[in-house]
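Notes to accompany the following structure.
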Amino acid sequence: MTKTRIRWNTQKVREEMAKENCILLDDYKRGDIRIHYLYEGNEFSVRWSDWMKKDRPSRPHLKGGNRKITKSKSVDNLNKTFEDPENGEEENENEEDFNEIENELHQE
């Protein structure tokens, strides 16, 4: 009897991750592209092919891997707002830089 290969799609990946109380945040495209997911309120990323490895499955939320998504201090500093002394309004001097870094973090 031959094994049938599972053709993964977003719904199947979501169902498989739900077995471990994980919530898929991204659409699944390919096994070698990182997907983001939530586990107990924390966001992590993993490649689906790594998650499904038979010999050494990757579970960043269980093993304390380095794929927990956190904002670095430098990103937080970019988001600080400063008050404009002339008109009393708040402005974000680094909003474009912050948005660019934020997008890069979510594309990994």
Is it the case that segment 77-92 has a residue that's open to solvent by 70 Å² or more (accessible area, probe 1.4 Å), part of a helix (DSSP H, G or I), among the charged types (D, E, K, R) and modelled with pLDDT under 90?
no
Working carefully through the options Trp48, Trp8, find the one that is in contact (Cβ under 8 Å) with a residue 40 or more places away in the chain and over 20 Å from Leu62 (Cβ atoms).
Trp8
Just to verify a result, which residue in segment 36-58, among those that are in contact with a Ser or Thr (Cβ under 7 Å, 6 or more places away or on another chain) and of a type outside the set (D, E, K, R), is surrounded by the fewest Cβ atoms within 10 Å (Cβ to Cβ)?
His36
Out of segment 1-35, which residues are among the hydroxyl-bearing types (Ser, Thr, Tyr) and open to solvent by less than 60 Å² (accessible area, probe 1.4 Å)?
Thr10, Tyr28
State which residue pairs qualify: first residue under 10 Å from Ser45 (Cα atoms) and inside segment 22-34, second residue part of a loop (DSSP other than H, G, I, E, B) and open to solvent by 90 Å² or more (accessible area, probe 1.4 Å) in any location, beta carbons under 7 Å apart, and separation of 6 or more residues or different chains.
Arg34/Glu108
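The values are calculated or read from the model by the stated rules, or taken from the named source; none is laboratory data. Since the structure is predicted, the reported quantities are computational estimates derived from the model, not experimental observations. We place every Cβ from the backbone using ideal geometry, glycine too, and count neighbours over all the protein chains shown. Just the protein is used for accessible areas: all its heavy atoms, side chains included, with ligands, DNA and RNA removed. Shrake-Rupley method; radii C 1.70, N 1.55, O 1.52, S 1.80 Å.
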